[in-house]
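The values are calculated or read from the model by the stated rules, or taken from the named source; none is laboratory data. What you see is a predicted model, and the numbers here were worked out from it, not measured in a lab. In this analysis, Cβ positions are derived from the backbone assuming ideal geometry, glycine residues included, and neighbour counts consider all displayed protein chains.
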Amino acid sequence: MAKDGSSGFLTTRLDAFINWGRKNAMWPLPFGTSCCGIEMMATLCSDYDMARFGAEAVRFSPRQADLLIVAGIINAKMAPVLRNVYDQMSDPKWVMSFGACASSGGIFNVYSVTQGIDTVIPVDVYVPGCPPAPEGVLHALLRLQDRVARGDTLAQKREAALKRAHQTMRG
Amino acid sequence: MSEPRSNRAGLFEEVAVIQGKPSDQVSIHRDPDDLWDDARVIVNIGPTHPAMHGALRMVAKLNGETIEKSYCEFGYTHRAKEKLGENRTYHNFIVYTDRLNYCSALINNVTYAMAVEKLMGIEVPTRCTWIRMVCCELARVIDHLICVGINAVDLGAFSFFLYGFHQREEAYTLIEKLCGARLTTSYTRIGGLMHDAPEGWEKEVKDWVKRTRKVIDEMDSLLTGNRIWHQRTKGVGVFNREQCLQYSWSGPNARAAGIDRDLRRDQPVMFYKDVEFDVPVAQNGDVFDRYSVRLEEIRQSLNIIAQCCDKVKPGPVWAEDKRIRIPDKEVVHNTMEGLIHHFKFFMTGFDVPAGEAYTTFEAANGELGFYIVSKGGPRAHRMRIRGPSVWHFQGLTPMCQGSKVADMVAALGSINIIAGELDR
Amino acid sequence: MNGGWFLEKWGSAWNEQVEKFKARFGADCEEVRMPGAYPTDVPILYVKKARIVEALQFLKSEPGFEYDFLADLTATDEEVEPRFEIVYNLRSITRHWRIRVKCRCAESESVPTAIPVWPAANWAEREVWDMYGVKFEGHPDLRRILMDERWEGHPLRKDYPLKGYQLFPTPMSAHPELLQD
């Protein structure tokens, strides 16, 4: 076993290969609630075409998706629903916080709005803008893909930690 | 076709065919333990269901595929805009109006500006009004394109949607030239505009109108005569004239049911009396009629845009009123008084005299109203927003009583519920 | 505020209507505010709570009034007793004119529901209950509408803070009992 806990050349290569696959075949779950949902549709549509980056297979069932795109405001009534949806997704899963409302509450610092979805679920990549331009979304997707390829996302770190824990238990 | 298609009636007709008798003489012997009679199930549709646009929720008791009873819920995107209206200055509130009906943010901007101008008694210059009219109609075209497109996607006609969306992207490029944003424009100011339209903008808009006319004709020929589309939409989601009045429906949805009312024509706001346009009206009030009314309205809006672009002349876009005039940047950066004025304007805002007004305008979805109560001072005492979607969504439950779940999806898409103005 | 084209166009019609309305309701029509004399765009009729439904029905069906479209139903918080004003913005589909009816309501009181006159008032009244805590007598389903049902407080009251957050661990459940026959 190597010093950092990873197990040898072959499995590392295998991990890299798997990550390469994950990176290029993300299946998004569009959790569009408000204005940002419209821009997300524009991104998925022919003019900007998210299919170029392997993320066009939109799935509305959380069981079939691995990228949760939270596009729009999440308020106190919606937050538990979002948590439910996130919990139903299978690992490894990634979350994109799309737009100012989802990332920080944006201009809505009021009684009903959750100030950032990271108070409810872990987030991998934030997209600024109100709403973000489709180019910004594609940029965020590419950055997320880079991180997935490096194994640098929350879900993959969780996975690696679990693997290490199992190996330690096995001795 | 228009009466509710109950599951039970269909069953009798099927058995009638098998037994070779007229359907009123058919007898069906049921096993008392048979689950069929009691196969009712309560299904929760939404708030994250793909067919429930945005974040709407319907809880329905189904008998097979038929909705026997249901109730709707919303509020999953409530952003407290009315409370913010009481806590922000009139100028600051402009950005929140964008997020009402985000498909046609320009109409909200214009209506809000008109509401405050009415309270203050401000007249805006001619050029400003013409540009505002172009903006309104541009936004209306975009909104209707989204509505008919998404409605078609819900029913499986995806390519129709792509045609509309491409044209919409081009319209967004025009709006981007105007104010730098695609969706949330914040283009109007109280008593004026953010700034004048760029040079040659009118001509570009006219070119876009020409191209869009062709695309609308293409879209029309693609879907309107389609037999599958007819079967999925005609006689589905019927809401007749009386029901529309009872449930306060307005806009294209009411016009599809024969209510010949359009606030652009019936209330003399801006210069709508100086342009020629028709108000399309249909009679059946089903999904197909709402679709065709919207499609025709796009054409009328394109006509209005072309006429406005011809009539707009160079001139000032700001009302000459010291209270609301945002100082020019040159003055702000070079003189002390200008800087103070700028600071005072944005930090404390301007006072609106006491009074109250309910200002309405024909938004893309129907009657959009701002009921503002002012007690003097820079903040409103009450900022009520009447979004048409609330009243339309309320009609969904009676409309879908006794119809199939798939028809509910068609009906919901056709009444164009926008979560932003529904929840506010 | 100047009366604008509203006043020019319908001023005389409004005068007649207000006279007729006053004659019909007498002292139950507490106050009338006309555009021109008061800074408002349309006349405001203050009606006593007990006869508000009757007044709305009268405005809806009486020839010469024909306010057959409930444009808006909302409330305002005046902070002094009687604290709330319920506002009915009416519009006539046939005649195009508009009018505003108001009724005052103290914090501890409730208002009769307008659903018999306008089914559309259902959700608007639920919203007023949600946002202001004004109860409507005879409303069949007076639940919160915009906020979660477990929410405490009524956000649009003037004494409710802008940032009074509340968070819930589980989604709002459904109500199967509403679907019973």
Checklist outcome for this item: From the option list B:Phe350, B:Phe345, single residue qualifying as outside any helix (DSSP H, G or I), more than 20 Å from B:Gly285 (Cβ to Cβ), more than 10 Å from chain C (Cβ to nearest Cβ) and touching a residue at least 12 places away in the same chain (Cβ under 8 Å) is B:Phe350
Checklist entry - Is it the case that the range C:23-30 has a residue that's part of a helix (DSSP H, G or I), under 23 Å from C:Glu137 (Cβ atoms) and of a type in the set (A, V, I, L, M)? => result yes
Item to check | Members of the range B:238-260 that are surrounded by fewer than 24 Cβ atoms within 10 Å (Cβ to Cβ), in contact (Cβ under 8 Å) with a residue 12 or more places away in the chain and within 13 Å of another protein chain (Cβ to nearest Cβ) | outcome: B:Arg241, B:Gln243, B:Leu245, B:Gly258, B:Ile259, B:Asp260
Next on the checklist: assigned to a helix (DSSP H, G or I) and under 20 Å from C:Cys103 (Cβ atoms): which single residue out of C:Lys60, C:Lys9 fits that description?
Outcome noted: C:Lys60
Checklist entry - Among strands (runs of 3 or more DSSP E) lying entirely in the range A:18-127, which contain 1 or more residues that are hydroxyl-bearing (Ser, Thr, Tyr)? => result A:94-98, A:125-127
Next on the checklist: Exactly one condition in (1) assigned to a helix (DSSP H, G or I); (2) away from chain C (no Cβ under 14 Å); (3) surrounded by 24 or more Cβ atoms within 10 Å (Cβ to Cβ) is false for B:Val332; which is it?
Outcome noted: (3)
Checklist outcome for this item: Counted residues in the range B:81-103 being under 15 Å from A:Gly72 (Cβ atoms), in contact with a Ser or Thr (Cβ under 7 Å, 6 or more places away or on another chain) and not basic (Lys, Arg) come to 2
Item to check | Of all residues in the range B:95-112 being at pLDDT 90 or above and closer than 13 Å to B:Ile385 by Cα, the one that is nearest to the other protein chains (Cβ to nearest Cβ) | outcome: B:Tyr96
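Residue-by-condition table, conditions (1) over 30 Å from B:Val153 (Cα atoms); (2) crowded, with 23+ Cβ neighbours inside 10 Å; (3) not charged (D, E, K, R); (4) not assigned by TED's automatic domain parsing to the domain that holds B:Pro252:
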site: B:Phe361; (1), (2), (3), (4): no, no, yes, no
site: B:Ala364; (1), (2), (3), (4): no, yes, yes, no
site: B:Gly387; (1), (2), (3), (4): no, yes, yes, no
site: B:Gly395; (1), (2), (3), (4): no, yes, yes, no
site: B:Lys404; (1), (2), (3), (4): no, no, no, no
site: B:Asn416; (1), (2), (3), (4): no, yes, yes, no
Checklist entry - Any chance the range C:35-44 includes a residue that's outside any helix (DSSP H, G or I), out of contact with any helix residue (DSSP H, G or I) (no Cβ under 6 Å at 6 or more places or on another chain) and within 25 Å of C:Gly133 (Cα to Cα)? => result yes
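Residue-by-condition table, conditions (1) more than 10 Å from chain B (Cβ to nearest Cβ); (2) small (Gly, Ala, Ser); (3) free of Cβ contacts under 8 Å to residues at least 12 places away in the same chain; (4) closer than 19 Å to C:Asn89 by Cβ:
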| site | (1), (2), (3), (4) |
| --- | --- |
| C:Trp129 | yes, no, no, yes |
| C:Gly138 | yes, yes, no, no |
| C:Asp141 | no, no, no, no |
| C:Thr170 | yes, no, yes, no |
| C:Pro176 | no, no, yes, no |
| C:Asp181 | no, no, yes, no |
Item to check | From the options B:Cys147, B:Cys128, residue that is under 20 Å from the mean Cα position of the chain (by Cα) and surrounded by 23 or more Cβ atoms within 10 Å (Cβ to Cβ) | outcome: B:Cys147
Checklist outcome for this item: Per the filter on the range C:74-113, residues polar (S, T, N, Q), within 10 Å of chain B (Cβ to nearest Cβ) and under 25 Å from C:Ile145 (Cα atoms) are C:Thr74, C:Thr76, C:Asn89
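Each row is one residue, and each column tells you yes or no for (1) under 31 Å from the mean Cα position of the chain (by Cα); (2) of a type outside the set (S, T, N, Q); (3) under 30 Å from B:Trp249 (Cβ atoms).
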site: B:Val317; (1), (2), (3): yes, yes, no
site: B:Glu320; (1), (2), (3): no, yes, no
site: B:Glu330; (1), (2), (3): no, yes, no
site: B:Met336; (1), (2), (3): no, yes, no
site: B:His342; (1), (2), (3): no, yes, no
site: B:Phe345; (1), (2), (3): no, yes, no
site: B:Glu356; (1), (2), (3): yes, yes, yes
site: B:Thr359; (1), (2), (3): yes, no, yes
site: B:Ala363; (1), (2), (3): yes, yes, yes
Checklist entry - Taking the range A:153-171 on its own, how many of its residues are exposed (fewer than 13 other Cβ atoms within 10 Å of the Cβ) and either modelled with pLDDT of 90 or more or at negative phi (or both)? => result 8
Checklist entry - So which residues in the range B:65-80 are in a loop (DSSP other than H, G, I, E, B), more than 7 Å from every other protein chain (Cβ to nearest Cβ) and not hydrophobic (A, V, I, L, M, F, W, C)? => result B:Glu65
Item to check | Considering residues of the range A:81-119 that are more than 30 Å from B:Ile94 (Cβ to Cβ), over 12 Å from the mean Cα position of the chain (by Cα) and among the hydrophobic types (A, V, I, L, M, F, W, C) only, the residue surrounded by the fewest Cβ atoms within 10 Å (Cβ to Cβ) | outcome: A:Val85
Checklist outcome for this item: The residue that is surrounded by the fewest Cβ atoms within 10 Å (Cβ to Cβ), considering only those in the range B:261-296 that are closer than 29 Å to B:Glu117 by Cα and touching a Cys at 6+ places or on another chain (Cβ under 9 Å), is B:Phe271
